[in-house]
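The structure appears below as structure tokens.
The values are calculated or read from the model by the stated rules, or taken from the named source; none is laboratory data. These numbers were taken from a predicted model, which means no experiment stands behind them. Reconstructed Cβ throughout: ideal geometry from the backbone, glycine too, with neighbour counts over all protein chains shown. All accessible areas refer to the heavy atoms of the entire protein, side chains included, with ligands and DNA or RNA removed. Shrake-Rupley method; radii C 1.70, N 1.55, O 1.52, S 1.80 Å.
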2 protein chains.
Amino acid sequence: MHMRSEGGQSDTVIRRLRSFRPLSAAAASALDKVVRERILRVGAGHDLVSEGDPSDRIRIVLSGWLARYKTLEDGRRQIVNFVLPGDSCDAYVYLLARMDHSISSLTPVTYSEIRREQFDELIASDRMLADAFWCETLANASIQREWVLNIGRRVALERVAHLLCEICERLRPVGLMDGNSCAFPVTQMDLADATGLSVVHLNRTLQELRAGDLIVLRERTLTINDLDALKNLALFNANYLQYPQAIG
Amino acid sequence: MHMRSEGGQSDTVIRRLRSFRPLSAAAASALDKVVRERILRVGAGHDLVSEGDPSDRIRIVLSGWLARYKTLEDGRRQIVNFVLPGDSCDAYVYLLARMDHSISSLTPVTYSEIRREQFDELIASDRMLADAFWCETLANASIQREWVLNIGRRVALERVAHLLCEICERLRPVGLMDGNSCAFPVTQMDLADATGLSVVHLNRTLQELRAGDLIVLRERTLTINDLDALKNLALFNANYLQYPQAIG
DNA sequence: CGTTTAGTTGACCGTGCTCAAGGGGCGTGG
DNA sequence: CCACGCCCCTTGAGCACGGTCAACTAAACG
């Protein structure tokens with residue numbers, strides 16, 4: 001007995017963009033129309049975009065998780081951000097010539113692929129929509145800065161706690177938190193690459209969080225037992241996520 | 001016997017933006033006019049912008065170095081990026097409500113402060129100019145991602161080497177490299193905060209670079225003796241800086 | 001001339017890495 | 001149905017990279 005307001009498949013995307021700007025029903029349905037035109041699926045473990053690719057298309061994630069990552073020649077890998085349902089992979093990157101990083105699917109992913117010209121046309125039709133996409137881009141940059149702080153100055157325990165807090169806070173507004181639990185389809189290797197730790201140490205850090213009764217993480221499900229305590233430990237402050245309603 | 005093309009005080013800014021988009025003489029002089037309207041100076045060690053400030057003004061750096069940084073409650077500090085002459089502090093951030101980080105001057109700084117409305121008007125007048133500012137914003141995001149990789153996956157020696165390479169490559173297009181040397185007005189504490197290291201270890205890392213005859217750093221001047229060797233050591237690849245002309 | 005700030009060095013220690021091995025779940029093929 | 005391989009998680013042991021603490025020097029500054 002779900003009432004779907006207007007979005008259908010692109011509900012999540014619209015919720016996400018509305019966390020930045022109020023979108024009119026007209027804008028939402030224009031977006032929905034464009035999104036539906038070319039919906040693709042890909043299994044886990046595929047690169048949607050590779051470093052060096054020309055950046056001529058926009059991709060918007062409808063379901064599934066992805067990771068933006070960079071690698072060094074000798075194979076060291078760093079995840080620089082997660083791409084969650086509702087996020088766009090690279091709105092506006094076509095202003096630059098080439099991708100500076102790769103994006104790979106951590107789970108099976110459904111996404112919409114939009115040609116640059118079509119995207120241009122879409123955002124030209126509605127100022128709020130254009131601004132919402134820009135806000136998303138700027139919010140991503142803000143997250144990126146927090147990650148530099150996280151990896152540069154937080155110790156392992158704080159760092160992992162912070163990442164978990166961030167993911168939950170990002171999943172909540174798109175309706176993917178079920179109370180204090182969420183699907184968490186990420187391997188420990190991915191978490192290690194996202195936090196700049198080794199897999200072994202990440203494993204031990206997770207166990208420390210479990211031992212403190214802060215989290216339960218098993219069978220690809222994360223439950224936060226005590227969110228306030230976890231945020232305290234992580235020195236977490238949600239402002240950098242740039243959700244206007246959540247600030248001050 | 002310098003011939004100044006059109007910019008005067010905003011030469012550096014125009015060079016910087018032209019590394020992203022060809023700007024017409026008209027666009028350049030419109031920018032120059034706006035820049036000149038309100039030029040401010042500030043000594044070293046001042047916060048131009050503080051975390052939480054409303055982001056209602058644009059600042060463009062004419063001379064001097066600044067650092068974007070974030071802090072944790074207990075005082076740990078991480079520089080997340082340097083702001084160099086020609087860079088704008090925060091074009092377009094006014095789309096978001098508040099600053100997520102602070103910006104402080106590392107040296108005396110000359111900068112232009114532009115009101116949001118005035119900036120809107122300026123970029124509405126010239127598409128290339130608007131795009132150039134957007135490119136700068138996106139290029140900054142790209143640098144931010146590289147920093148996550150740098151701090152997350154490079155060891156101290158590579159990490160410091162990488163930062164030095166980046167700074168030189170960014171100073172070159174705005175004419176601030178003198179051969180292989182440049183003014184380098186940054187304390188070791190700043191470098192430590194930018195690389196996620198302690199001051200003591202940063203000091204030892206610099207000495208290791210000096211011992212390998214890779215760099216000379218004294219009296220606020222950096223000389224790179226062997227840039228190729230330094231880039232090799234740092235696993236440095238300039239693509240992420242997003243200068244179109246420098247990319248394959 | 002005292003005080004502050006930046007750089008340097010030594011000694012010690014701890015966080016987090018490496019290497020190595022083993023266990024559990026799951027899909028595939030014999 | 002079981003064997004096998006693969007992926008992911010876990011654990012132990014040892015070590016190294018980088019942090020902390022402390023002291024000293026040199027230059028800058030009022």
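For chain B, calculate the relative contact order in percent as a whole number, restricting contacts to Cα pairs under 8 Å that are 6 or more residues apart. RCO, chain B: 21 percent. Over all Cα atoms in the protein assembly as shown, the spread is summed up by Rg and Dmax: 22.4, 79 Å. Using a probe of 1.4 Å, the accessible surface attributed to A:Leu157 totals some 40 Å² when neighbouring protein chains are kept in position.
Ignore the peptide's own chain and count Cβ atoms of other chains within 10 Å of each Cβ in B:151-159; give me the average, rounded. Please list the in-between numbers first.
On the way: counts 9, 17, 10, 4, 1, 0, 0, 2, 0.
What the average comes to for B:151-159 is 5.
Magnitude of the Cβ-charge dipole of chain A, K/R +1 and D/E -1, about the Cα centre, nearest 20 debye?
Details: 30 positive and 32 negative charges, 39 e Å.
Here the size comes out at about 180 debye.
Each copy carries a label point for A:Asp213 at 7 Å from Cα toward Cβ; from one copy, the others' points are 6.3 nm away, ordered from shortest.
Along the range A:181-194 the Karplus relation, 6.51 cos²θ - 1.76 cosθ + 1.60 evaluated at θ = phi - 60°, assigns HN-Hα couplings of 10, 8, 4, 9, x, 10, 6, 5, 5, 4, 4, 4, 5, 7 Hz to successive residues, with x for each Gly and Pro. The mean number of Cβ atoms from other chains found within 10 Å of a Cβ in peptide B:94-107 is 4, as a whole number. Helix B:199-211 and the longest principal axis of the C-alpha atoms of chain B enclose an angle of approximately 80°. Residues in the range B:110-115 carry Karplus couplings, in order, of 10, 8, 9, 10, 10, 5 Hz; the curve used is 6.51 cos²θ - 1.76 cosθ + 1.60 with θ = phi - 60°, and Gly or Pro positions show x. The range A:155-246 has equivalent-ellipsoid semi-axes of 20, 15, 13 Å, by the square roots of 5 times the alpha carbon gyration tensor eigenvalues, sorted largest first. Applied to the range B:132-148, the Karplus parametrisation 6.51 cos²θ - 1.76 cosθ + 1.60 on θ = phi - 60° returns per-residue 3J(HN,Hα) values of 4, 5, 5, 4, 4, 4, 5, 5, 4, 4, 5, 4, 4, 5, 4, 5, 4 Hz, with x for Gly and Pro. The angle separating the long axis of helix B:156-171 from the principal Cα axis of greatest extent in chain B is about 30 degrees. Between the Cα long axis of helix B:25-37 and the first principal axis of chain B there is an angle of about 80°, rounded to the nearest 10. Close amide H pairs (under 5 Å, H built 1.01 Å from N) link B:Ser63 with B:Thr110, residues at least 5 positions away or on another chain. Computed from label points 7 Å out along Cα-Cβ, the spacing between B:Thr107 and A:Glu37 is 4.9 nm. For the pair B:Glu73 and A:Arg172, what calculated FRET efficiency results from E = 1/(1 + (r/R0)^6), where r is the Cβ-Cβ distance and R0 = 22 Å, to the nearest 0.05? That pair, A:Arg172 with B:Glu73, gives E of 0.40.
For B:Glu113, the accessible surface of its heavy atoms amounts to roughly 20 Å² (probe 1.4 Å, protein chains only, rounded to the nearest 10). The spacing between the range A:141-206 and the range B:100-152, judged by their C-alpha centroids, is 28 Å. Both radii were evaluated on the Cα set of the range B:10-146; the Rg over Rh quotient, with Rh as the Kirkwood radius, amounts to 0.96.
Excluding A:Val155 itself, calculate the net charge of residues whose Cβ lies under 14 Å from the Cβ of A:Val155, where each Lys or Arg counts +1 and each Asp or Glu counts -1. Could the numbers behind the result be given before it?
Working: positive: A:Arg153, A:Arg154, A:Arg159, A:Arg204, B:Arg76; negative: A:Glu158, A:Glu208, B:Asp74.
Summing Lys/Arg as +1 and Asp/Glu as -1 gives +2.
Dipole of the range A:7-67 (Lys/Arg Cβ +1, Asp/Glu Cβ -1, origin at the Cα centre): which of A:Ala30, A:Ser63, A:Gly43 lies farthest to the positive side? Result: A:Ala30. With the simple model of a label 7 Å out from the Cα in the direction of the Cβ, A:Asp120 to A:Asp226 spans 5.6 nm.
Rg/Rh for chain B stands at 0.96; both radii use Cα atoms, and Rh follows the Kirkwood definition. Between B:Thr107, B:Met128, B:Leu96, the Cα set farthest toward the positive side of the dipole of the range B:55-178 (charges on each charged residue's Cβ, about the Cα centre) is that of B:Thr107. Heavy-atom accessible area, probed at 1.4 angstrom with all protein chains present, ranks B:Asp190, B:Asp53 as B:Asp53, B:Asp190, highest first. Between copies, A:Leu40 shows label-point distances of 4.6 nm, shortest first, with the point placed 7 angstrom from Cα along Cα to C-beta.
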